[in-house]
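Read through the structure below, which is laid out as structure tokens, and then see the notes.
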Amino acid sequence: MNFDFSDDQKMLKDQARKFLTEKCPTKVVRKILESDEPYDKALWKQIGEMGWLGTAIPEEYGGLGLGHLELCVIAEELGRAAAPVPFSSSVYLATEALLIAGSDAQKKKYLPKLASGEWIGTFAIAEGPQPPSPKTIKATFKGGKLDGTKTPVPDGDVADFAVVLAKSADGAGERSLSLAIVDLKGAGVSRRAVKTIDPSRSQAELSFKGAAADALGPAGDGWDLAKRVLDRAAVLMAFEQVGGADACLVMAKDYALNRYAFGRTIASFQAIKHKLADMYVLNELARSNAYFGAWALSTNAADLAEAAAGARISATDAFHNASKENIQTHGGMGFTWELDCHLYYRRSKVLSLALGASRVWKDRLVNHLEKKNVA
Amino acid sequence: MDFNDTPQEATFRKEVRAWLEANAKPKSATGFSAENPRFQRNETEALKIAKAWQAKKAEKRYARITWPTENGGLGGTPIQQVVYNQEESKFDVPSGFFEIGLGMCIPTVTHYASKDVAARYVKPALYGEEIWCQLFSEPSAGSDVAGLKTRAEKDGDDWVINGQKVWTSGAHYSDYGILLTRTDPNVPKHKGLTMFYLSMKSPGVEVRPIKQMSGGANFNEVFFTNVRIPDSQRLGNVGDGWGVALTTLMHERLAVGGGQGGSGADVNELLALARETELEDGPAIRNASVRERIAEWYVRGQGLKYTTYRTLTALSQGRVPGPEASIAKVVVAPKMQDLASFGMDLEDMGGVMVGEDSPMLGAFQQSFMWAPGLRIAGGTDEILKNIIAERVLGLPADIRVDKDIPYNKLPTGR
């Protein structure tokens, strides 16, 4: 039994934490939240220089050729710091889509620039306030041209290219969808930033009018590929969520220990102690589920889809709980703009919706359980 | 990351497996079989089978793998114990009667009694010839066990015991017990306690089963009327009983942390029930709200399973496991209660029925009636959360209003 990260991976994690503690204190997150800047460009540049963006990209495509376990430990630290950078869009989504579906030419074209941070990629599937599905998606990809609107697209306002899920055939079947890769600076693309609950991470509406695009993967495979990309991203994002949940627990604990009321520290009241114990329990369950996801992702296990759903559901639950109860522990101060609690409350909800809501993942998880039970 | 054994673990697993195959029957595919000693209804018969199995294990030194060889153990590592447990769980063998004695009482006796005394008791316990129980909880001292009343008064070379214990598992078939008593009511509660061991056959000891709300009787009340215990059976110094009890409870935690009880209705049963139950809009398994609940409980169960894997990894690498193992019971017990209740909801009006009239022989109903006890036994949900808050997160202990007050001046309720 070796269900833990290696010493080297733990060292990488420590380095990441040290780096982000220094370069990305919450005032950096706040700066993006309170300004029109879409992301922290200086931090992004440094992250690129350290090679994090190419952690799981093979060396032949300009990456470090490490693996997904290494990416998981970095993701946890980015979550702890609530880093205001387009990491998840570019690394968990665009890079993973290219890794599993890209042709060699596409990999050669995009991966080195993703690894260096020169290009930012994103993944565009949502079309407004409803879950995207073969029945609801309207954007089309036909004859090498994209038409339609995708919104909200994380980092869509700053990305250089997007992987887009669109209709390539008539009907509402799963085979009616394909993935396309499109240059967002090209003709026929317009974009507008959309307002969201978390301005420390920007999102945009992308409109395509006959924009030239390349197929990514075989025609008709779009829905299946999108689910596979989301599974992979779910594991990585689960670590980001676990990091965020842990940060909330630490904040709540520190505040409770130093806040006095009724003549004693509020951390001595059972109402607070039990609240924090509950947070700890959910966080540990989430961490353990995320570890299993990491194992499944790093070994391309047959159970990856199930592991990813478990990691996502558990991490979403833990971060949501920790971020809201952190505010509650802080009392009135927690509701102020001045304190940092709301940074994590916002981020928690954004991450919980980014790859689809828990409701959808729970349904998918039970699909896997049903199949397993039959087999 | 992998789930593989180290070469040493693999070798040990092979040895254990071979021995089990030669000495026990593998579990049938369905799990529940009439011959399975785990489901033996007649306790006298079950005890006989269990004692025979225990003697076999002890002979092979598998009864307590981590104990030193001079105490009849294998002198093995915690991970070897885990490997043994994993393999044993695949066989129809009895369990349960000796855990309290070997897990808690005997380690306390060996820690505090002389070598000769310990030698007298260790081997019979290991071989299942003598069974031990733990006499701590009282009617007015549950979570606050240090508030116990049972008096021990010195009389010559003896102590005379009067009082009552409660929730004593297995007292009715136990040969010995360790007993926490109050020897000095004039000092604050933690300071006036003293620990003894005694024969449960001593004159003046009366054991009465407690009928639980579930209908079963797994526990007892034990009454002490002028029971005499020689001073030579004292464990630790007079007044140091609390420290001795903490040693015992520390062993309890290690014993409990070793394996998670997987009886009763769980997600697999719920999944099966949802497949076979027809709701107003089709099979329950197709109902979105049912699916959502199944997924939530499944994820919790998996989270615990992988938390155990993290603990095992630490043991396998010779490290001290992190505090994450402390979350198990506070997750398991409420989950059992909610899941059982939900399963009964799926059965709707028919959910009231138990036994053969009910799906899966009433597994959900049984869990429903057992879960309230699980949330209390071995530390209530509330006490466990206090423990996580204080020992894991480092939050301050409760302000103790009884800390500096003599025990006999403490306010009491009814």
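The values are calculated or read from the model by the stated rules, or taken from the named source; none is laboratory data. Since this is a predicted model, take the numbers as computed values, not measurements. Please note: Cβ atoms are built from the backbone with ideal geometry, for glycine as well, and neighbour counts cover all protein chains shown. Calculation scope for accessible area: heavy atoms of the full protein, side chains included, ligands and nucleic acids excluded. Shrake-Rupley method; radii C 1.70, N 1.55, O 1.52, S 1.80 Å.
Among the residues of the range B:27-60, write down those that are open to solvent by 80 Å² or more (accessible area, probe 1.4 Å) and modelled with pLDDT of 90 or more.
Passing the criteria: B:K48, B:K56, B:E59, B:K60.
Can you report the number of residues in the range A:58-95 which are of a type in the set (F, W, Y) and surrounded by fewer than 21 Cβ atoms within 10 Å (Cβ to Cβ)? It would help to see each step written out before you state the result.
Just the residues of the range A:58-95 that are of a type in the set (F, W, Y), to begin with: A:61, A:87, A:92.
With surrounded by fewer than 21 Cβ atoms within 10 Å (Cβ to Cβ) added as a condition, the list becomes none.
Residues meeting the conditions: 0.
It is to be established whether one or more residues within the range A:344-357 are out of contact with any Lys or Arg (no Cβ under 8 Å at 6 or more places or on another chain), touching a residue at least 24 places away in the same chain (Cβ under 8 Å), of a type in the set (A, V, I, L, M) and at the interface with chain B (Cβ under 10 Å from one of its Cβ atoms).
no
May I ask you to list the residues in the range B:392-414 that are more than 14 Å from chain A (Cβ to nearest Cβ) and assigned to a helix (DSSP H, G or I)?
B:Y407, B:N408, B:K409
Please find, within the range A:188-202, the residue that is most open to solvent (accessible area, probe 1.4 Å) out of those that are closer than 23 Å to A:K31 by Cα and in a loop (DSSP other than H, G, I, E, B).
First pass over the range A:188-202, keeping only residues closer than 23 Å to A:K31 by Cα: A:192-202.
Next, from what is left, pick out any that are in a loop (DSSP other than H, G, I, E, B): A:195-202.
Working: A:K195: 203, A:T196: 45, A:I197: 93, A:D198: 1, A:P199: 56, A:S200: 3, A:R201: 20, A:S202: 17 Å².
Of everything passing the filter in the range A:188-202, A:K195 is most open to solvent (accessible area, probe 1.4 Å).
Can you give me the number of residues within the range B:186-204 that are open to solvent by 20 Å² or more (accessible area, probe 1.4 Å) and either in contact with a Pro (Cβ under 7 Å, 6 or more places away or on another chain) or closer than 18 Å to B:L126 by Cα (or both)?
Number of matching residues: 4.
Hey, among the residues in the range A:152-171 that are over 17 Å from A:S88 (Cα atoms) and either assigned to a strand (DSSP E or B) or not assigned by TED's automatic domain parsing to the domain that holds A:D183 (or both), which one's farthest from the chain's Cα centre (by Cα)?
To start, the set of residues in the range A:152-171 that are over 17 Å from A:S88 (Cα atoms) comprises A:165-171.
Then keep just the ones that are either assigned to a strand (DSSP E or B) or not assigned by TED's automatic domain parsing to the domain that holds A:D183 (or both); that gives A:165-167.
Values: A:L165: 17, A:A166: 21, A:K167: 24 Å.
The residue in question is A:K167.
With the checklist (1) within 11 Å of chain B (Cβ to nearest Cβ); (2) in contact (Cβ under 8 Å) with a residue 60 or more places away in the chain; (3) open to solvent by 30 Å² or more (accessible area, probe 1.4 Å) in hand, flag the one item A:E325 doesn't pass.
(1)
Please go through (1) in contact (Cβ under 8 Å) with a residue 12 or more places away in the chain; (2) among the polar types (S, T, N, Q); (3) within 14 Å of chain B (Cβ to nearest Cβ) for A:N2 and return the number of the only condition it doesn't satisfy.
Here A:N2 clears every test but (1).
Counting just the residues of the range A:253-282 that are surrounded by 19 or more Cβ atoms within 10 Å (Cβ to Cβ) and of a type outside the set (A, V, I, L, M), which one comes out farthest from the other protein chains (Cβ to nearest Cβ)?
A:Y255
So which residues in the range B:85-101 are open to solvent by less than 40 Å² (accessible area, probe 1.4 Å) and either β-branched (V, I, T) or over 19 Å from the mean Cα position of the chain (by Cα) (or both), if there are any at all?
B:E87, B:F91, B:D92, B:V93
Got a sec? Which of B:A371, B:A389, B:A363 is assigned to a helix (DSSP H, G or I), buried (at least 17 other Cβ atoms within 10 Å of the Cβ), within 14 Å of chain A (Cβ to nearest Cβ) and among the small types (G, A, S)?
It is B:A389.
Step by step: first the residues of the range B:124-156, then only those that are free of Cβ contacts under 8 Å to residues at least 60 places away in the same chain and assigned to a helix (DSSP H, G or I), then the one that is least open to solvent (accessible area, probe 1.4 Å). Which residue is that?
B:A125
Is the range B:319-326 home to any residue that is open to solvent by 30 Å² or more (accessible area, probe 1.4 Å), at pLDDT below 95 and more than 30 Å from B:P7 (Cβ to Cβ)?
Yes: one or more hits.
What are the residues in the range A:287-320 that are in a helix (DSSP H, G or I), aliphatic (A, V, I, L, M) and either facing another protein chain (nearest Cβ under 7 Å) or over 22 Å from B:K329 (Cα atoms) (or both), if any? It would help to see each step written out before you state the result.
Taking the range A:287-320 and keeping what is in a helix (DSSP H, G or I), we get A:287-299, A:304-320.
Right, trim to aliphatic (A, V, I, L, M) and you get A:290, A:294, A:296-297, A:304-305, A:307-309, A:311, A:313, A:315, A:318.
Residues satisfying the conditions are A:A294, A:A296, A:L297, A:L304, A:A305, A:A307, A:A308, A:A309, A:I313.
State whether one or more residues within the range A:107-119 are assigned to a loop (DSSP other than H, G, I, E, B), of a type in the set (S, T, N, Q) and surrounded by fewer than 24 Cβ atoms within 10 Å (Cβ to Cβ). Talk me through it step by step, then tell me what you get.
Looking only at the range A:107-119, we keep the residues that are assigned to a loop (DSSP other than H, G, I, E, B), and these are A:117-119.
Imposing the further condition that a residue be of a type in the set (S, T, N, Q) reduces the set to none.
No: the range A:107-119 contains no residue that is assigned to a loop (DSSP other than H, G, I, E, B), of a type in the set (S, T, N, Q) and surrounded by fewer than 24 Cβ atoms within 10 Å (Cβ to Cβ).
Return the residue satisfying two criteria in turn: it lies in the range B:1-26 and is in contact with a strand residue (DSSP E or B) (Cβ under 9 Å, 6 or more places away or on another chain) and within 14 Å of chain A (Cβ to nearest Cβ), and of such residues it is surrounded by the most Cβ atoms within 10 Å (Cβ to Cβ).
Taking the candidates together, the pick is B:M1.
For the range B:351-376, which positions are in contact with a helix residue (DSSP H, G or I) (Cβ under 8 Å, 6 or more places away or on another chain) and of a type in the set (G, A, S)?
Within the range B:351-376, B:G351, B:G355, B:S358, B:G362, B:A363, B:S367, B:A371 qualify.
Looking only at residues in the range B:61-84 that are of a type in the set (D, E, K, R) and not in a helix (DSSP H, G or I), which one is surrounded by the most Cβ atoms within 10 Å (Cβ to Cβ)? Steps first, answer last, please.
Taking the range B:61-84 as the starting set, the residues that turn out to be of a type in the set (D, E, K, R) are B:61, B:64, B:70.
Narrowing further to those that are not in a helix (DSSP H, G or I): B:61, B:64.
Working: B:R61: 16, B:R64: 23.
Step by step, filter the range B:61-84, then rank; the result is B:R64.
Results for (1) part of a strand (DSSP E or B); (2) over 25 Å from A:P129 (Cβ atoms), shown as yes or no for each residue.
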| site | (1), (2) |
| --- | --- |
| A:A204 | yes, no |
| A:F208 | yes, no |
| A:A211 | yes, no |
| A:D214 | yes, yes |
| A:D224 | no, no |
| A:V229 | no, no |
| A:F239 | no, yes |
| A:L249 | no, yes |
| A:D254 | no, yes |
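Given (1) open to solvent by 30 Å² or more (accessible area, probe 1.4 Å); (2) polar (S, T, N, Q); (3) closer than 15 Å to A:E284 by Cα, identify the lone condition not met by B:T311.
(1)
Residues checked against (1) in contact with a strand residue (DSSP E or B) (Cβ under 7 Å, 6 or more places away or on another chain); (2) open to solvent by 30 Å² or more (accessible area, probe 1.4 Å); (3) in a helix (DSSP H, G or I):
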{"position": "B:L271", "(1), (2), (3)": "no, no, yes"}
{"position": "B:R275", "(1), (2), (3)": "yes, yes, yes"}
{"position": "B:S289", "(1), (2), (3)": "no, yes, yes"}
{"position": "B:I294", "(1), (2), (3)": "no, no, yes"}
{"position": "B:V299", "(1), (2), (3)": "no, no, yes"}
{"position": "B:L304", "(1), (2), (3)": "no, no, yes"}
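Does B:G282 fit the bill of being modelled with pLDDT of 90 or more and farther than 30 Å from B:G343 by Cβ? Outline the logic, then answer.
Details: modelled with pLDDT of 90 or more: yes; farther than 30 Å from B:G343 by Cβ: no.
It is false that B:G282 is modelled with pLDDT of 90 or more and farther than 30 Å from B:G343 by Cβ.
Can you tell me how many residues within the range A:14-45 are open to solvent by 70 Å² or more (accessible area, probe 1.4 Å), under 24 Å from A:V194 (Cβ atoms) and in contact with a helix residue (DSSP H, G or I) (Cβ under 9 Å, 6 or more places away or on another chain)?
1
Pairs only if they're at least six apart or on different chains, beta carbon under 6 angstrom, first in the range B:276-300 and more than 10 Å from chain A (Cβ to nearest Cβ), second in a strand (DSSP E or B); list them, first residue then second.
B:N287/B:L279
Within the range A:25-48, how many residues are farther than 16 Å from A:R346 by Cβ and in contact (Cβ under 8 Å) with a residue 60 or more places away in the chain?
Of the residues in the range A:25-48, 4 are farther than 16 Å from A:R346 by Cβ and in contact (Cβ under 8 Å) with a residue 60 or more places away in the chain.
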